[in-house]
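To start, the structure under review is shown below, and the notes come after it.
The numbers here are math on the coordinates, done by the rules we state, and not lab data. As the structure is a prediction and not an experimental result, all values here were calculated from the model. Cβ placement follows ideal geometry from the backbone for every residue including glycine, while neighbour counts extend to all protein chains displayed.
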Amino acid sequence: SIDDSGFKGHTEVTGATGQGTASKCGFFTQQGNPQTAGGFDVASNGQKLRLAGGLLTLTTTDQPTAPELTDLKGKAGDKELGFWHKVHNAVHAVQKEQVSEYPEPGEEMLKTIVAGTHIETAVRITLSGLNSSRPSDIKGDLKNIKDAWFGPDNSKLKALWTAVDSETVVDISSDKSDSKKLQGITDVSELEQILGYYGATMQQQQIETAPKLKQIETELADQRGKSPEAECNKISDEPKCNDEKICSWHKEVKTGENNCKFNLKKAKEKGVSVTQTQTGGTETTAVNCATHTDKTKCEAENTGKSSPVCGWRKGKDSEPEQDKEMCRNGSFLVNNKFALSVVSAALAALLFLIPPPSF
């Protein structure tokens, strides 16, 4: 048995106290020439037979000795008892630890995770990854973020688990391009390998995407330079500005702004067809998706667009006629994908931060 001080049943053994019955076992017998007879040479040159890290020691034939282990406090630097001091601390810590049982995978397990002490660290890691910053840069109370991800009173956990449980991932053990349901994977090492696979895949996609993004940025910069607003901004003379069919002179402007600006109303009155650009260089698109009653025509609106404009789907959230498939605004598609990516990132962080059950 063990207490705060040591192994209370392990008292010291000295002299003949540990001596066994004669002529029974020669294990602890002193033998000057063990090559020709059974026993150990423990007398020559002051040798000792030390067994189990010094738990048993033999210096005299048939008289094994053992150290006192009932009081190991303050023995960290002791030559003979230092090792057993460490053993006692480790065993005692395990005994004092409460065994915690995690619920079966599902909504209840997520509740345990979300209520745990590591959740804030996981959220900060996820947010920093999404914003290309460091976890230490994420300051303040994260309650609003956690409510958005997990729902007030954990109201979104059921939907979250359903999404994760039904997710399809690559089957790394297959020689073919097979996939498997995430819910069927119970081996932690396999999950780590899958995570590593997707990490490498995303890295490669970033490498391939970087030059394409640079090209798009260059093209957008060129478009901004040729936009109606940019053309008007080049004019510094008031009469010349007002003579243009698409420009108007503004006498009072903020510091740094141009006096000659694009005037969409004037351009329309003059019958000039122009394409106005927004501050990101993206073209303003006025598409009424609801006017399309055909799926093909609905999805055709997305041709040439960097993000979906329209989508043929059932309604979500506060949209009308939620059970009816029809042509709807495509912004939900983008927002939904972003939400799923946030959830995936959060769970990935959580998987590596959940402390294992104590035994």
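In whole Hz, with x marking every Gly and Pro, tabulate ³J(HN,Hα) for the range 259-266 from phi via Karplus 6.51 cos²θ - 1.76 cosθ + 1.60, θ = phi - 60°.
Each residue's phi maps through the Karplus curve to give 6, 8, 10, 5, 10, 5, 4, 5 Hz.
Report the gain in length on full extension from Lys86 to Asp175: 0.36 nm times residue separation, minus Cα-Cα distance, nm rounded to one decimal. Could you put the intermediate results ahead of the total?
Values: separation 89, 0.36 × 89 = 32.04 nm, distance 4.83 nm.
Separation in residues times 0.36 nm, less the Cα-Cα distance, equals 27.2 nm.
For Glu321 and Ala163, what is the calculated FRET efficiency with R₀ set at 25 Å and r taken between the beta-carbons, to the nearest 0.05? Don't jump to the answer; show the numbers that get you there.
Values: r = 24 Å, r/R0 = 0.96.
After rounding to 0.05, the efficiency reads 0.55.
Could you give the length gained on full extension between Lys143 and Ile185, defined as 0.36 nm per residue of separation minus the Cα-Cα distance, in nm?
Numbers: separation 42, 0.36 × 42 = 15.12 nm, distance 3.15 nm.
Computed gain between Lys143 and Ile185 is 12.0 nm.
Each residue of the range 78-91 in order: what ³J(HN,Hα) in whole Hz does its phi give by Karplus 6.51 cos²θ - 1.76 cosθ + 1.60, θ = phi - 60°, with x for Gly and Pro?
So the Karplus estimates, Gly and Pro as x, are 5, 4, 8, 10, x, 5, 6, 4, 5, 4, 4, 4, 5, 5 Hz.
Once amide H atoms are built 1.01 Å from N in the peptide plane, which residues 5 or more positions from His250, or in another chain, come under 5 Å H to H?
HN-HN under 5 Å from His250: Cys260, Lys261.
Which FRET efficiency value, to the nearest 0.05, is calculated for Lys73 and His118 with the Förster distance at 35 angstrom and r the Cβ-Cβ distance? List each step's numbers first, then the result.
Working: r = 33 Å, r/R0 = 0.94.
Calculated transfer efficiency: 0.60.
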